[in-house]
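Okay, so here's the structure we're looking at.
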Amino acid sequence: MAFEPEIDHLLHAKLSYVEPHSNALSLASIGERVRAAFRTDTIAGYDLSTSPGISYRVYTNSQTIYLDQYSGKILGTMQGPDFWQNAQQFIHQLHLRLAFRNKGDIGKSIMSWAGVILLIILPAGLMLWWKQKRMAIRWKEKPRLVWFDWHSLIGVTAFIFVTILAFTGVMIGFEDQTTPVFYKLTGSKPTASPDIKITPPVNAKQLSPDSALKIAGAALPGVLPFNINIPGAADAYEIRCRYPEDRTPGGRSKVIIDPYSGKVLYAEGSRTAPAGTRLRVINRAIHTGDIFGIFSKTIVSLASLALGFQLISGLRMYLLRKWKKKEKVKPA
């Protein structure tokens with residue numbers, strides 16, 4: 001999950017990677033090329049890569065089109081999610097709610113309380129380690145002792161990182177209770193969701209996507225837009241953006257624009273959002289490892305693997321002890 005974008009790009013290398021050049025084509029030009037190649041498709045939106053070596057995506061009513069934003073070359077298409085993307089979705093749901101479907105929030109509740117239990121188990125494990133403070137592997141000892149040493153070493157090394165993951169995960173799992181606390185602690189209030197109602201003027205034309213991007217950039221100076229929809233007659237432009245320091249793939253900034261007048265109906269950036277919102281975003285970024293990019297995602301991934309190893313090594317020690325007891329009582 002931490003490296004989803006990177007893995008997706010590697011698995012779809014021919015669709016994802018492009019040779020960077022100085023300037024990307026306008027969305028108007030890209031749209032013309034897509035409409036010329038796929039005359040029966042209707043463009044629904046664009047993904048604009050904020051990395052110069054990654055291609056643009058054009059979403060239509062029937063497929064996703066990958067395109068070199070510098071040359072305009074169409075790299076390929078995809079109709080619906082493939083095996084890897086379906087696997088991604090399943091892993092997400094497994095992590096969030098044990099992949100339970102149509103059963104309320106029972107899966108999410110189980111995962112959230114598992115995080116609470118983990119926060120109790122972790123200090124207990126640290127106290128057990130503190131008695132011996134072992135930081136070495138006794139390779140020549142019995143297998144159970146070797147497994148014990150590995151269990152102790154990995155556990156104490158990953159303790160801080162796993163604790164942070166568990167704590168931030170609990171904050172997310174119980175967000176209905178924790179989010180109000182974030183706002184109370186910071187003395188802030190969440191931004192009210194805008195009530196968007198678009199009445200198309202008679203014979204009026206919508207602004208072009210390129211114009212909408214310029215307006216969004218002026219509303220939130222310094223942002224990098226990465227997604228824009230093509231609105232229907234009574235819909236607004238919704239432009240999702242990120243600042244350079246925003247590592248999360250989804251970004252945390254958004255601008256909503258009237259497609260006829262160009263009026264900004266809503267604009268909230270991660271730099272200027274209420275303090276409670278920013279605290280919530282930081283909590284999520286820490287949990288996913290996005291906060292410092294590749295470095296922190298690597299740490300989060302290793303901590304997750306360490307937690308899995310603790311389960312395996314603990315079970316292994318238990319089984320070795322159980323087998324040893326059986327051998328002792330075995331009749332001669």
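Run through the DSSP bridge list for the chain and note the antiparallel percent, rounded to the nearest 5. Spell out each step's value before the answer.
On the way: 29 of 30 bridges.
In the chain, DSSP labels about 95 percent of beta bridges as antiparallel.
Per the Kirkwood treatment, what hydrodynamic radius in Å, one decimal, follows for the range 217-258 from the mean inverse distance over all distinct Cα pairs?
The answer is 10.8 Å.
On the accessible surface of the range 143-230, probed at 1.4 Å, how many percent belong to carbon and sulfur atoms?
On the way: 3350 of 5120 Å².
Of the solvent-accessible surface of the range 143-230, carbon and sulfur hold 65 percent.
So if each residue of separation counts as 0.36 nm, and I subtract the Cα-Cα distance between residue 141 and residue 181, what length gain in nm does that give? Could the numbers behind the result be given before it?
Working: separation 40, 0.36 × 40 = 14.40 nm, distance 5.07 nm.
Difference between extended and current length: 9.3 nm.
Would you please give the residues with an amide H less than 5 Å from that of residue 76, counting only those at least 5 places away or on a separate chain, with H modeled from the backbone geometry?
When sequence neighbours closer than 5 places are left aside, the close amide H contacts are 66.
Binning every alpha carbon pair distance of the range 1-58 at 5 Å from zero, what are the percents per bin?
Pairs per bin, as whole percents: 4, 16, 23, 23, 18, 12, 4, 1.
Let's test the formula: R0 of 25 Å, r as the Cβ-Cβ distance of residue 121 and residue 295. What FRET efficiency results, to the nearest 0.05?
Details: r = 27 Å, r/R0 = 1.09.
In this case the efficiency is close to 0.35.
Remind me, relative contact order of the range 98-218 in percent, using alpha carbon pairs under 8 angstrom and six or more residues apart?
Taking the mean separation of contacting Cα pairs over the length of the range 98-218, I get 25 percent.
Could you tell me what fraction of 2.2 N^0.38 Å the Cα radius of gyration of the range 70-164 comes to, as a two-decimal ratio? Don't skip to the answer; put the middle values down first.
Values: Rg = 21.6 Å, N = 95, 2.2 N^0.38 = 12.4 Å.
Normalised Cα radius of gyration, the range 70-164: 1.74.
Over the chain, with the other protein chains present, what is the accessible area per residue in square angstrom, probe 1.4 angstrom? Don't jump to the answer; show the numbers that get you there.
Details: 20130 Å² over 332 residues.
Ligands and nucleic acids excluded, the figure is 61 Å² per residue.
Tell me, what is the 1.4 Å probe accessible area of residue 328, in Å² to the nearest 10?
150
Can you tell me the relative contact order of the range 43-156? Whole percent, Cα pairs under 8 Å, sequence separation 6 or more.
Across the range 43-156, relative contact order equals 11 percent.
Measure up 73/254; 184/214; 140/325; 108/133; 108/184 against 27 Å on the Cα-Cα distance and list the ones that go over.
Where the Cα-Cα span goes over 27 Å, the pairs concerned are 73/254; 184/214; 108/133.
Taking Rh as the Kirkwood radius computed over C-alpha pairs, what is the Stokes-Einstein D of the range 1-149 at 4 °C in a medium of viscosity 1.567 mPa s, expressed in µm² per second? Present the calculation step by step, with values, prior to reporting the outcome.
Details: Rh = 19.9 Å.
It comes out at roughly 65 µm²/s.
Leaving ligands, DNA and RNA out of it, rank 315, 15, 279 by accessible area with a 1.4 Å probe, largest first.
Details: 315 100, 15 25, 279 65 Å².
Largest accessible area first, the residues go 315, 279, 15.
Please compute the length gained on full extension between residue 189 and residue 91, using 0.36 nm multiplied by the number of residues separating them and subtracting their Cα-Cα distance. Mind showing how you got there, number by number?
On the way: separation 98, 0.36 × 98 = 35.28 nm, distance 3.33 nm.
Stretched fully, the residue 189-residue 91 segment lengthens by 32.0 nm.
Under the rule of -39500 (n - 2.57) per DSSP H run of 4 or more residues, summed and divided by the residues of the chain, what mean residue ellipticity at 222 nm is obtained, to the nearest 500 deg cm²/dmol? Let's see the in-between values first.
On the way: 10 runs with 169 residues, N = 332.
-17000 deg cm²/dmol, from helical runs alone.
Calculated from the structure, mean projected area of the Cα convex hull in nm² equals which of (1) 24.4; (2) 16.0; (3) 21.0?
Computed from the coordinates, mean projected area of the Cα convex hull in nm² corresponds to (1).
If a/c stays under 1.5 just call it rounded; otherwise compare a/b with b/c (prolate if a/b is bigger, oblate if not). Do that for the range 208-332, with a ≥ b ≥ c from the square roots of the Cα gyration tensor eigenvalues.
On the way: a/c = 4.81, a/b = 3.62, b/c = 1.33.
Cα axes put the range 208-332 in the prolate bin.
For the range 47-115, with all protein chains present and a 1.4 Å probe, just round the carbon and sulfur fraction of the accessible area to a whole percent.
Numbers: 2260 of 3890 Å².
Heavy-atom surface of the range 47-115 belonging to carbon and sulfur, 1.4 Å probe: 58 percent.
Amide H of residue 224 versus every other amide H placed in the peptide plane: which residues, excluding those fewer than 5 positions away on the same chain, fall under 5 Å?
Under 5 Å from the amide H of residue 224 lie the amide H atoms of 242, 243, each far enough along the sequence or on another chain.
Taking only the Cα atoms of the range 20-101, how large is their convex hull per residue, in Å³? Don't skip to the answer; put the middle values down first.
Values: hull volume 9.5 nm³, N = 82.
Considering the Cα atoms of the range 20-101, their hull volume per residue is 116 Å³.
Taking GluC sites (Glu not before Pro) that fall in a DSSP loop and have at most 13 other Cβ atoms within 10 Å as cut points, what is the longest piece of the chain between them?
On the way: sites that count: 141, 245.
After excluding every exposed loop site, the longest remaining stretch is 1-140.
Can you compute the modelled spin-label distance between residue 312 and residue 6, with each label point 7 Å from Cα toward Cβ, in nm?
About 2.1 nm, to one decimal.
Under 17 Å from a label point 7 Å along Cα→Cβ of residue 202: give me every residue in the range 233-265 with its amide N that close.
Answer for the range 233-265: none.
The values are calculated or read from the model by the stated rules, or taken from the named source; none is laboratory data. Note that the structure is a prediction, hence the values are computed from the model and not measured. Every residue, glycine among them, receives a Cβ derived from its backbone with ideal geometry; neighbour counts consider all protein chains shown. Surface accessibility is based on the protein's heavy atoms, side chains included, excluding ligands, DNA and RNA. Shrake-Rupley method; radii C 1.70, N 1.55, O 1.52, S 1.80 Å.
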